[in-house]
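Novice: Attaching a single structure in structure tokens format; questions to follow.
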Amino acid sequence: MKKPTHNTKKFGAKIQEYKDKEQSDMEASELVKNELQQANTILGNTDVEGEGIVITLRETNTEETGIINANDLLDIVNELKNAGAEAISINDERIINMSYIAFISDTFIKVNGQRIVAPYIIRAIGNPTYLESALIGNGGPVDNMQKIGHDITIEKPNKVKILKYNGEIKTKYIE
């Protein structure tokens, strides 16, 4: 699993950068604006695009395959995160740290409270080779699903676009 890259030196350098920029209100304002833009991108509050992959899962629902369920989607999302995906969406629902994927019935799944149905299209931005190999390598979630007969394709377009998170982030305990 990838560990966070934040460390004391990085924050110390950031503090020093702020101090150096204090001399000019314009420079400080620009620095804060850039930091806010970066934070919004990481939080999922902006549309993003970059290199990555697009995975399409089509329902086959035979006796051998069964249906694609929330756990299948969750396994793929977790594997993409572990492989370094910087942004992920399922059927244009952006996955953020507070997202949930819930199995509702044989006909639909909820992501972020929104009903989604097959085909499931998962977009991920990151190194396409790493992302794909994490999914299709022996024992990967897509490999396992294909072995039992699910219809799954993976594409590596030049640009993958992921829309921003449209829900409201509500916290109960954070002050």
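Laboratory data are not the source of any read-out in this text; all were calculated from the coordinates shown. As the structure is a computational prediction, the values presented were derived from the model and not from experiment. Neighbour counts are summed over all protein chains in view; Cβ atoms, including those assigned to glycine, are modelled from backbone coordinates with ideal geometry.
Novice: Using a cut-off of 12 Å between beta-carbons, work out the net charge of the residues near Leu163 (Lys and Arg +1, Asp and Glu -1, Leu163 not included).
Specialist: Cβ neighbours under 12 Å give a net charge of 0.
Novice: Grab the beta carbon distance between Lys172 and Gln114, set R0 = 22 Å, and tell me the FRET efficiency rounded to 0.05.
Specialist: Plugging the Cβ-Cβ distance into 1/(1 + (r/R0)^6) gives 0.55.
Novice: Can you pick out the pairs among Lys81/Lys172; Lys81/Lys110; Lys33/Lys156; Lys33/Lys110; Lys81/Lys159; Lys110/Lys159 whose Cα atoms lie more than 23 Å from each other?
Specialist: The pairs that break the limit, which is 23 Å between Cα atoms, are Lys81/Lys172; Lys33/Lys156; Lys33/Lys110; Lys110/Lys159.
Novice: Turning to a different aspect of this structure: Considering only C-alpha atoms, what is the centroid distance from region 50-87 to region 154-175, in Å?
Specialist: Centre-to-centre distance over Cα atoms comes out at 16 Å.
Novice: Relative to the Cα centre, what is the charge dipole magnitude of the chain, using +1 at the beta carbon of each Lys and Arg, -1 at the beta carbon of each Asp and Glu, and rounding to the nearest 20 debye?
Specialist: Dipole of the chain, to the nearest 20 debye: 400 debye.
Novice: Further question: Mean residue ellipticity at 222 nm from the helices of the chain, using -39,500 (n - 2.57) per DSSP H segment of n ≥ 4 over the full residue count, to the nearest 500 deg cm²/dmol?
Specialist: Computed ellipticity for the chain at 222 nm equals -11000 deg cm²/dmol.
Novice: Residue separation times 0.36 nm, minus the C-alpha to C-alpha distance between Leu163 and Gln37: what's the value?
Specialist: Fully extending the segment from Leu163 to Gln37 adds 43.8 nm.
Novice: Can you run phi through the Karplus equation (6.51, -1.76, 1.60; θ = phi - 60°) for region 68-83 and list ³J(HN,Hα) in whole Hz, with x for Gly and Pro?
Specialist: Along region 68-83, the couplings run 7, 10, 4, 5, 4, 5, 5, 4, 5, 4, 5, 5, 5, 4, 5, 8 Hz.
Novice: Right, another one. Would you work out which of Ile55, Gly167, Ile122 lies farthest towards the positive end of the dipole of the chain, given +1 charges on the beta-carbon of Lys and Arg and -1 on that of Asp and Glu, about the Cα centre?
Specialist: Positive-end residue among those listed: Gly167.
Novice: Contour minus end-to-end for Met98 and Thr56, with contour as 0.36 nm per residue of separation and end-to-end as the Cα-Cα distance?
Specialist: So the extension gain works out to 12.8 nm.
Novice: Can I ask one more? So what is the relative contact order of the chain, in percent, for Cα pairs below 8 Å that sit 6 or more residues apart?
Specialist: Once normalised by length, the contact order is 33 percent.
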